[in-house]
Amino acid sequence: MVRMKNVGILTSGGDSPGMNTAVRAAVFAAREKGIRLLGIQQGFKGLYEGNWEELSIDKVDSIHAMGGTVLRTARFQPFAKEETRQAAAEQCIANCKGKIDGLIVIGGDGSFMGARLLTLNGLPCVCLPGTIDNDISCTEYTIGYDTALNMVMNMCDAIADTARSHDRCIVVEVMGNKAGDLTLYGGMAGGATAVLAMEYGDFGFPEDGEMTAEQIAHFEGTLVERLKLAKAAGKNYYMIFVAEGITGKKDKQGKTRYPGGVEQLASVLQAQTGIDTRANVLAYVQRGGCPTARDRIMATQMGDYAVGLLAQGIANRVVVSQCGEIQDYDILEGLNMTKPAHPRDYELAWRVSL
Ligand code: F6P
């Protein structure tokens, strides 16, 4: 086994709170093992352009409490396209020759495919799940999820104040890409009147493209009914939590599953219930803020573990949390797993808010 002397670390895809904490933990773990840790700027783009510098303890010692990513991040287009992928990987490998012996990649599943490609081309990589979406199938937890969830809950409480004061309904769009964890659990924690996520219900959300007219009618009808029931039960304010996968996220053809998004949904609900209804897209505020204790702890455990793997010459792995334990999987095997849904929690979220 060749001993690693220089290990790179990068953050890729959407930033998430706790990424900095993981970087800090990796620097401390690397020092213990006599490894130099090199911070690569702007994800794979920095590797491609040879843009990195050594991370000393004093540079990272206070970053554990900071949101975002001090290494900055990017969505590296050459890795996203089949035609450019291999050449881009070879350029990265050429830049690393004699300078970087291994790499830690913190990001989502798209970033993991980049790490796998680099490993196959000769640069051993280990991945850490860093995304607010909690949408990586092989891990029960992704770094940043808890902070975002608390942010969604706190914003929900704030929105409820104004909704309650005006007897209003607010349709709230929550991030998560195609995953509904932030919506379901944010809505449950915030007392939403209804939660809607692609994984759940009998609405037939298509993988791509728009819902059919019948599906839309059923979707809107269910919510109208829900609001009428809630009003009849004595509620004076209502919050409909919708995952961005339904109302915001566009497919390759530029289509959303529910055309018109939350604004359209709010106007339909108002017209059919008589309840004053507004739309509120939470957007990027969900991704910022200083990481919660849970995110910091998980990021510290995972950052330390990743360095441990590389130091033992183990690569092509993704570090995960399963049943409270930090473990690792082969990247491809991990990505091919199916993320479990939580239908009982979905049903509970609907049951407790009426
Ligand atoms: O993956 C994190 C995330 O915030 C998703 O929830 C969202 O769909 C996406 O990133 C937004 O990406 P961008 O920052 O490129 O707009």
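Only one residue in Thr183, Thr193 is away from the ligand (no atom under 15 Å from the Cβ), modelled with pLDDT of 95 or more and closer than 18 Å to Leu223 by Cβ, so which one is that? Just one listed residue meets the conditions, Thr193. The sole residue among Gly13, Gly18, Gly46, Gly8 that is over 20 Å from Ile314 (Cβ atoms), more than 16 Å from the ligand (Cβ to nearest atom), small (Gly, Ala, Ser) and touching a strand residue (DSSP E or B) at 6+ places or on another chain (Cβ under 6 Å) is Gly46. Of the residues Lys252, Lys235, the single one that is among the basic types (Lys, Arg) and either within 16 Å of the ligand (Cβ to nearest atom) or loosely packed, with under 15 Cβ neighbours inside 10 Å (or both) is Lys252. Candidates in the range 202-232 are the residues that are under 23 Å from the mean Cα position of the chain (by Cα) and surrounded by 12 or more Cβ atoms within 10 Å (Cβ to Cβ); of these, the one that is nearest to Asp167 (Cα to Cα) is Phe205.
Evaluate the following for Ala299: is it under 24 Å from Thr183 (Cβ atoms) and crowded, with 21+ Cβ neighbours inside 10 Å? When the stated conditions are applied, Ala299 passes them. Note on the range 114-156: among residues that are in a helix (DSSP H, G or I), away from the ligand (no atom under 16 Å from the Cβ) and of a type in the set (S, T, N, Q), the one that is farthest from the chain's Cα centre (by Cα) is Thr119. Every listed requirement among (1) closer than 26 Å to Ile170 by Cβ; (2) exposed (fewer than 14 other Cβ atoms within 10 Å of the Cβ); (3) more than 16 Å from the ligand (Cβ to nearest atom) is met by Cys323 save one, (1). Restricting the search to the range 185-222, which residues are assigned to a helix (DSSP H, G or I), of a type in the set (A, V, I, L, M) and in contact with a helix residue (DSSP H, G or I) (Cβ under 6 Å, 6 or more places away or on another chain)? Those that are assigned to a helix (DSSP H, G or I), of a type in the set (A, V, I, L, M) and in contact with a helix residue (DSSP H, G or I) (Cβ under 6 Å, 6 or more places away or on another chain): Met188, Ala189.
The values are calculated or read from the model by the stated rules, or taken from the named source; none is laboratory data. In this text the structure is predicted, and so the values were computed from the model without any measurement. We place every Cβ from the backbone using ideal geometry, glycine too, and count neighbours over all the protein chains shown.
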